[in-house]
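Reviewing the structure listed below.
The values are calculated or read from the model by the stated rules, or taken from the named source; none is laboratory data. As the structure is a computational prediction, the values presented were derived from the model and not from experiment. Cβ sites come from the backbone with ideal geometry, for glycine too, and all protein chains shown count toward neighbours. To get the accessible areas, we keep the full protein, side chains included, count just its heavy atoms, and leave off ligands, DNA and RNA. Shrake-Rupley method; radii C 1.70, N 1.55, O 1.52, S 1.80 Å.
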Amino acid sequence: MSHYAIVVDLDRCIGCHGCEIACKNENNIALGEYWNKVVERGPFGEYPDLEMYFLPTMCQQCEDPVCVRVCPSGAVYKSKADGVVRIDTMKCIGCHSCNQECPYHANTFSEMRRAMDKCTLCAEARERGEDPACVKNCSGKALHYGDINDPESEVSRLIREAGEEHVFRLRDFGNGPSTRYILKNAQWQDILPPELDEVSFGRGGRA
């Protein structure tokens, strides 16, 4: 079965926040709401040996998404066609259970729709044959999108070429996050600083 997700080359991310802006424009996301947020990791180490990188965080398109399991109305579901987690806003009762139970707090409440909402990897754009807005507009060519279950896809090739020791995921709480992060030029940091924990998706972990 296909399972589409994002692969991020963190060595190419320049922290421009262009993916955030493109996401908001494409999906008509209100001020103060985010489906994607770039957070700074670092600097770490001791001067002059310091490291830092930028971490784009979005829905991790989990293999076994807890948001689907806890939704009392059946509004949150995983598409059988592409493995992408979606929310039927017509069924959503706005209880926030999906966001509260998600380890990465990837869902947001839309005041305009009066329902929970989230990244769908730009479902409408993909139906037009386009890449997700964040991928299409990444000035550093750091974001890539494709079927991670297809060994011939671009994202699978990027993961293979990077090598297992350089491929990471946010920490797995039994949900199987699918977004992959490639990092060679800095050391992957396992824990987000407490001051960033509420505005991003949580805690890191190895693939």
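For region 11-48, residues that are open to solvent by less than 20 Å² (accessible area, probe 1.4 Å) and part of a strand (DSSP E or B) total 4. From the list GLU63, GLU51, GLU130, the one residue that fits, being in contact (Cβ under 8 Å) with a residue 24 or more places away in the chain and either closer than 16 Å to SER178 by Cα or part of a loop (DSSP other than H, G, I, E, B) (or both), is GLU63. Residue count for region 116-157 under the criterion of being of a type in the set (A, V, I, L, M, F, W, C) and on the phi > 0 side of the Ramachandran plot: the result is 2. Entry remark, region 142-168: residues being farther than 19 Å from GLY15 by Cα and either not in a helix (DSSP H, G or I) or not acidic (Asp, Glu) (or both) number 18 in total.
Of all residues in region 92-134, which are among the aliphatic types (A, V, I, L, M), at pLDDT below 95 and open to solvent by 20 Å² or more (accessible area, probe 1.4 Å)?
MET112
For TYR77, the requirement of being surrounded by 14 or more Cβ atoms within 10 Å (Cβ to Cβ), on the phi < 0 side of the Ramachandran plot, touching a residue at least 40 places away in the same chain (Cβ under 8 Å) and in contact with a strand residue (DSSP E or B) (Cβ under 9 Å, 6 or more places away or on another chain) is not met.
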